[in-house]
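Asks: Take this structure first; my questions come after.
The values are calculated or read from the model by the stated rules, or taken from the named source; none is laboratory data. These numbers were taken from a predicted model, which means no experiment stands behind them. Neighbour counts run over all protein chains shown; Cβ positions are idealised from the backbone, glycine included. These accessible areas exclude ligands, DNA and RNA; they are computed on the full protein's heavy atoms, side chains included. Shrake-Rupley method; radii C 1.70, N 1.55, O 1.52, S 1.80 Å.
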Amino acid sequence: ALSFAAQERMKQNEKELESLHKVLVNGTGKGNDFLGWIKLPSRIDPAILRRIKIDAEKIRAQSQLFVVIGIGGSYLGARAVIDCLSHPFLPLLPGSKDPVILYAGENLSEDYHAGLMEILDQYDYSVAVISKSGTTTEPAIAFRIIKAHLEKKYGKKEAAGRIYAVTDVQRGALKKLAEEEKYSTYVIPDNVGGRYSVLTPVGLLPIAVAGFDIEKLIGGARGMMEQCLASADPEKNPAVRYAAIRNALYQSGKPVEILVNYLPNLYYFTEWWKQLYGDSEGQENKGIFPAGVVSTT
């Protein structure tokens, strides 16, 4: 039997969970201007989905490669989903017609980008450049290099038709350039931070180009959203249960959490998870340190 003190502590924890759940659902707490991701699965404009699917089919028809230029949340969510769902040796499958998704702008390696240019010389390709500001150093440099390569390979007009900009609704260097060059443009909602943006065009366009059903992906997210919004009861809400357990462990002196996976194609899911938690909780020099391992490596 639990002691009286333990029972009182549990009741207090349940009240706190209910209070914090309301803060998230109602968008009243600190940082509430970036809580758009919570109800995003039920608020995605069907017209935007249709447009993404049309553009994805165009890209799939004209490109053997699709280069996603972004860093952090601007590419990790999409890469996590694509790697999770893809055959681990997709480029070697006989008869595969799915474009190979490549990534740039997440590092500053000269060798990596020089090697990428060699590959882009040999295949037809299109590009998504993802940045709210357009001035983040790594993606800005990569896009400058790849834009020049595209224009040299296809000419300025056709190159513009192969570039898809995902950026801020009204401001920033990339938004201005996209308008000047007449790129096909998608918007990152103001109230959705980059690391939560996988169910916006940031993630949905690359995932659709890779050949996956984005409507089913959103449907699954919507089902989990409904379950997590309905109740703060840890027995009914897996997100609340997870939050309560990790917080209890943190308060008991365990500041490191390790996500272990046993499938190599979950590597970038782990990297995405690390970025979500590290970047969200670590802004004020507190929170749990997220680490990841691929077992049994």
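Asks: Considering each of 60, 51 in turn, give the residue that is outside any strand (DSSP E or B) and more than 14 Å from residue 214 (Cα to Cα). Lay out the reasoning, then the answer.
Replies: Details: 51 fails: more than 14 Å from residue 214 (Cα to Cα).
The conditions single out 60.
Asks: Cβ-Cβ distance below 8 Å, separation of 6 or more or different chains: which pairs start in the stretch 52-77 with a residue that is among the basic types (Lys, Arg) and end on one that is open to solvent by less than 60 Å² (accessible area, probe 1.4 Å) and modelled with pLDDT of 95 or more?
Replies: 53/208; 53/214; 60/99; 60/209; 60/211
Asks: Ok, one more. If you check residue 55 against the conditions, is it exposed (fewer than 14 other Cβ atoms within 10 Å of the Cβ) and not hydroxyl-bearing (Ser, Thr, Tyr)?
Replies: Numbers: exposed (fewer than 14 other Cβ atoms within 10 Å of the Cβ): no; not hydroxyl-bearing (Ser, Thr, Tyr): yes.
When the stated conditions are applied, residue 55 does not pass them.
Asks: When you check residue 204 against the structure, is it within 23 Å of residue 73 (Cα to Cα) and part of a loop (DSSP other than H, G, I, E, B), yes or no? Spell out the reasoning first.
Replies: On the way: within 23 Å of residue 73 (Cα to Cα): yes; part of a loop (DSSP other than H, G, I, E, B): no.
No; evaluated as a whole, the condition is false for this residue.
Asks: Further question on the same structure: Does any residue in the stretch 252-266 that is within 20 Å of residue 85 (Cβ to Cβ) come within less than 8 Å, Cβ to Cβ, of a residue that is in a loop (DSSP other than H, G, I, E, B) and open to solvent by 70 Å² or more (accessible area, probe 1.4 Å) six or more places away or on a different chain, and which pairs are these?
Replies: 262/296; 264/88; 265/88
Asks: What number of residues in the stretch 66-113 are farther than 16 Å from residue 270 by Cβ and assigned to a helix (DSSP H, G or I)?
Replies: Here the count works out to 8.
Asks: Can you name the residue in the stretch 138-172 that is in contact with a helix residue (DSSP H, G or I) (Cβ under 7 Å, 6 or more places away or on another chain), small (Gly, Ala, Ser) and farther than 20 Å from residue 106 by Cβ and, of all such residues, is most open to solvent (accessible area, probe 1.4 Å)?
Replies: So, considering only residues that are in contact with a helix residue (DSSP H, G or I) (Cβ under 7 Å, 6 or more places away or on another chain), small (Gly, Ala, Ser) and farther than 20 Å from residue 106 by Cβ, the one most open to solvent (accessible area, probe 1.4 Å) is 160.
Asks: The conditions are (1) of a type in the set (Asp, Glu); (2) within 27 Å of residue 84 (Cβ to Cβ); (3) open to solvent by less than 50 Å² (accessible area, probe 1.4 Å), and residue 181 fails exactly one of them. Which is it?
Replies: With (1) of a type in the set (Asp, Glu); (2) within 27 Å of residue 84 (Cβ to Cβ); (3) open to solvent by less than 50 Å² (accessible area, probe 1.4 Å) applied to residue 181, the lone miss is (2).
Asks: What single numbered condition from (1) of a type in the set (S, T, N, Q); (2) assigned to a strand (DSSP E or B); (3) over 22 Å from residue 60 (Cα atoms) fails to hold for residue 126?
Replies: Going through the list (1) of a type in the set (S, T, N, Q); (2) assigned to a strand (DSSP E or B); (3) over 22 Å from residue 60 (Cα atoms), residue 126 breaks only (3).
Asks: Still on this structure: Among the residues of the stretch 235-279, count how many are open to solvent by less than 40 Å² (accessible area, probe 1.4 Å) and at pLDDT below 90.
Replies: 2
Asks: Could you list, ordered by first residue, the pairs with Cβ atoms under 6 Å in which the first is in the stretch 23-45 and farther than 15 Å from residue 218 by Cβ and the second is of a type outside the set (Lys, Arg) and modelled with pLDDT of 95 or more, at least 6 apart or interchain?
Replies: Taking only residues 6 or more apart or on different chains, the pairs are 25/229.
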